[in-house]
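Contents: one structure, followed by commentary.
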Amino acid sequence: MASKVLITLEDLETAVRVNAAFEAAGLRTSMVSALDDLAEAIRGFSPDLIVLTGGLRESGRARVVAGGSSAGIATLGLVEPGDSDPAAVAHRMGLSAIMIKPVEPEEVVSAGRRLIERKKLQVRTGILGEHPSILEVLIKIEQMASVSSTVLVQGESGTGKELVARAIHDLSPRRDKPFIAVNCAAIPETLLESELFGHEKGAFTGAAERRLGMFELADGGSIFLDEVGEMLPATQVKLLRVLEDRAFFRVGGAQAIKVDVRVLAATNQPLREAVDAGVVRADLYYRLNVLSIYLPPLRERRSDIPILVRTFADQFARQHDRVFRGITPEALDILTEAEWPGNVRQLRNLIESMVVLAPAGEIRASDIPREIQDQRLRHLPVPVPDVAREVSGHELKYIVQSLIDLRVQVEELRRRLNEVPQRVEIMEPGTGHPLTMPEVYVGRMGPAGAGGAGMPRGDLPSREPALVYDVTPGRGPSGPVVYEQGMKMADVERAAIQAALAATRGNRRKAAEMLGIGERTLYRKLKEYHLDGDPSHVT
């Protein structure tokens, strides 16, 4: 069936020419005047594309266009050449794309076709947004769906990695076969092998009957291994064999089982760094990383937040039978500027809450929780203004996370250090001038100014560093944490873990949250650094 295009008549001459071009290209068209009800025209015609030839600054149209977008309708705005900020217009209206007048009708048709196909793909996959990084993800999904190669999806928690895996499966020739999702971090280590590969009767205590594993259940379809980096080395070896031979043994079994399964894996931690740290096998990483997709965090595609907000709000209004009249510009600005550490998942849950609880069906700034309103973008390094006071857990979380994020950079700097200690200046790209930033030291030292082990030598900067805390267990910040020549990244990681454990009084769960790692990963690190036997560190 031919796609349908609804064209507004604010610019009559342009509308007529564009309408004729769409008809000549085989698309069905309808035109609506400025005096008609656009929302009613959309309901009556059910277009795949709306072309707005003018009136883009009319406040009443933004709500209608946003509603159409959340219903799977692409929107193209034709902007006047003298408009001072067309991007702001597109942002406020939630348009899929804009074109500056005068326009060639054939170019409008070409752009319209692309928008229609893109919107259909977004509706089918559930992956929303117009940011270039998301459009790149959609293109890769289409390219990867038709083959059976292994795919590694990387991105922070809440960015939609399982959504991408399901989209690849749903667009593939395997779409009618099973899609099995396994969260490797949620299954106890002792049971993960049995869950993946199954077991024979009597293979271990409690194995009263034969059980099929996830790989067998997914035969002919796809299996999604979420948080694949959390596997123990022994399980990684067996997974590697499955990836190479598409064969495995059940636990306690003696017969190899062949399966036809496409493996889709995901991780919220950089696997390349996990390989360098010895947590993930290098051969497994290379076998998983045949095809790769990176999902950007929400803070890297803030222009998509208005689209997501309006789409989620419309969805939850229908789901909970609520009247939703829109969101105020002030509230939308707050949501757009927030940090969103939980990414799209966090935004979606918040919108559901506000749609249900917002008075009069409108989301206002006062409806947004205080912790969201108080968020500010944080940039590294993180300053601690008063080194003599106790640092709160919230502040320490960002300090420790800062060190973790700088691991690769520090390692590179360490390799470049000469035998004689020297100050390292980081040059600002394109200027040749030093980048203004406080020195970062990693290591152990005593109270500030006490001259203890690890204090800066005479050839290092004499002023106090800005990034400071004490890694001595059970103590608050008393001096800078210093990086000394010859230290390894393991020393840096050990110091960060000690600091987190000290700040949480040995609570492993809270320490893992501070460090941004899984609790099981923290357990492994405690054993690796021989910290698990120290009662002052753990509970």
Q: Would you confirm whether any residue within the range 64-87 is part of a helix (DSSP H, G or I) and of a type in the set (D, E, K, R)?
A: no
Q | Scan of the range 84-116 for residues that are free of Cβ contacts under 8 Å to residues at least 12 places away in the same chain and under 30 Å from Ile363 (Cβ atoms), ordered by number | A | Ser84, Asp85, Ala87, Ala88
Q) Considering the range 88-126 alone, what residues qualify as being in a helix (DSSP H, G or I) and of a type in the set (S, T, N, Q)? A) Ser110, Gln122, Thr125
Q: From the list Ala15, Ala2, Ala39, Ala88, pick out the single residue that is within 37 Å of the chain's Cα centre (by Cα), of a type in the set (Gly, Ala, Ser) and over 30 Å from Arg301 (Cα atoms).
A: Ala2
Q) Regarding Arg57, is this residue closer than 17 Å to Met99 by Cβ, modelled with pLDDT under 90 and out of contact with any Phe, Trp or Tyr (no Cβ under 7 Å at 6 or more places or on another chain)? A) yes
Q | Test: Ile334 is touching a residue at least 60 places away in the same chain (Cβ under 8 Å) and among the β-branched types (Val, Ile, Thr) | A | no
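Suppose we filter Val228, Val280, Val261 for residues that are β-branched (Val, Ile, Thr), within 30 Å of Asn349 (Cα to Cα), assigned by TED's automatic domain parsing to the domain that holds Ala167 and crowded, with 20+ Cβ neighbours inside 10 Å; which single one remains?
Answer to the selection: Val228.
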Q) Can you tell which of Glu519, Glu493, Glu528 is closer than 25 Å to Asn268 by Cβ and either touching a strand residue (DSSP E or B) at 6+ places or on another chain (Cβ under 6 Å) or at pLDDT below 80 (or both)? A) Glu519
Q. Where residues in the range 91-102 are touching a Leu at 6+ places or on another chain (Cβ under 8 Å) and crowded, with 18+ Cβ neighbours inside 10 Å, which of them is farthest from Val16 (Cα to Cα)?
A. Met93
Q: Go through the range 224-270 and count every residue that is in contact with a Phe, Trp or Tyr (Cβ under 6 Å, 6 or more places away or on another chain) and within 18 Å of Tyr285 (Cβ to Cβ).
A: 2
Q) When you look at Asp283, is it free of Cβ contacts under 8 Å to residues at least 12 places away in the same chain and either touching a helix residue (DSSP H, G or I) at 6+ places or on another chain (Cβ under 7 Å) or farther than 30 Å from Ile180 by Cβ (or both), yes or no? A) no
Q | Subset tally (residues that are under 16 Å from Cys184 (Cα atoms) and under 18 Å from the mean Cα position of the chain (by Cα)) for the range 271-285 | A | 1
(Q) Is it the case, given these coordinates, that Phe215 is among the aromatic types (Phe, Trp, Tyr), in a helix (DSSP H, G or I) and at pLDDT 90 or above? (A) yes
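Check Glu130, Glu136 and return the single one that is closer than 27 Å to Ala2 by Cβ and within 21 Å of the chain's Cα centre (by Cα).
Details: Glu136 fails: closer than 27 Å to Ala2 by Cβ.
Answer to the check: Glu130.
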Q) For Pro296, which of the numbered conditions (1) under 21 Å from the mean Cα position of the chain (by Cα); (2) modelled with pLDDT under 90 fails to hold? A) (2)
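Any residue at all in the range 70-93 that's of a type in the set (Ser, Thr, Tyr), under 30 Å from Ser222 (Cβ atoms) and at pLDDT below 85?
yes
This table checks each residue for (1) surrounded by 15 or more Cβ atoms within 10 Å (Cβ to Cβ); (2) closer than 27 Å to Ala254 by Cα; (3) not acidic (Asp, Glu).
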residue	(1), (2), (3)
Lys177	yes, no, yes
Ala185	yes, no, yes
Glu193	yes, yes, no
Glu209	no, yes, no
Met214	yes, yes, yes
Q: For Ile141, state whether it is outside any loop (DSSP other than H, G, I, E, B) and assigned by TED's automatic domain parsing to the domain that holds Glu80.
A: no
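The values are calculated or read from the model by the stated rules, or taken from the named source; none is laboratory data. Just so it is clear, the model here is predicted, and its values are computed rather than measured. With ideal geometry, Cβ positions are generated from the backbone for all residues, glycine too; neighbour counts draw on all protein chains shown.
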